[in-house]
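Let me begin by presenting the structure, written as structure tokens, before commenting on it.
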């Protein structure tokens with residue numbers, strides 16, 4: 001049965017239990033997510049049930065994409081979530097978005113992400129809990145460079 005996305009909206013504190021449950025179900029790290037929940041968006045159905053989540057942690061002009069998960073694989077939910085967080089990062093003036101993945105390296109190039117060396121991640125992101133502790137050393141590091149908007 002296909003569930004229809006009613007809304008993609010910014011996450012709020014009341015979403016935390018459902019977000020944490022979805023991330024745990026996908027074995028994604030929870031470290032740092034609640035502290036950065038304001039950078040997350042959620043997809044919900046018409047009953048308000050969580051269908052998916054994606055978020056960014058903001059470190060100046062560098063953003064860390066993390067925690068993209070959907071309740072069930074349905075055409076377009078994951079893509080819509082990633083598109084929404086990338087667009088928000090562009091509007092906020094991010095110049096690059098970095099992510100760590102152990103499972104989605106084949107999926108993310110469609111958004112423009114390219115693999116980079118872990119040591120090439122922006123210095124400000126290297127201070128994140130995701131970089132320091134939550135993501136395994138064998139994770140693929142990928143980066144998307146964004147054009148700087150005209151002044």
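Every number in this text was worked out from the coordinates using simple rules, so none of it is lab data. Predicted, not measured: the structure shown is a model, and the values here were computed from it. All Cβ positions, glycine included, derive from the backbone under ideal geometry; neighbour counts span all protein chains shown.
Tabulated data for the structure shown
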{"quantity": "Percent antiparallel among DSSP beta bridges (both partners in the chain, rounded to 5)", "calculated": "85"}
{"quantity": "Compactness of region 1-65 - radius of gyration and Dmax, Cα, Å", "calculated": "12.2, 41"}
{"quantity": "Ordering of 7-18, 46-57, 96-107 by packing [mean C-beta count within 10 Å, highest first]", "calculated": "46-57, 96-107, 7-18"}
{"quantity": "Approximate spin-label separation residue 132-residue 45, in nm, with each point projected 7 Å along Cα-to-Cβ", "calculated": "4.0"}
{"quantity": "Rounded tilt (10° steps) of 16-25 against the dominant C-alpha axis of the chain", "calculated": "80"}
{"quantity": "Degrees between helix 77-91 axis and first principal axis of the chain (Cα, 0 to 90, nearest 10)", "calculated": "50"}
{"quantity": "Backbone N within region 118-143 under 14 Å of label point (7 Å from residue 96 Cα along the Cβ vector)", "calculated": "118-127, 141-143"}
{"quantity": "Stokes-Einstein D for region 7-145, Kirkwood Rh over Cα pairs, 4 °C, 1.567 mPa s (µm²/s)", "calculated": "87"}
{"quantity": "Those residues of region 61-96 whose amide nitrogen sits under 17 Å from the label point placed on residue 5, 7 Å along Cα→Cβ", "calculated": "66-90"}
{"quantity": "Cα coordinate range in region 78-151, projected on the principal axes (Å, largest first)", "calculated": "37, 26, 18"}
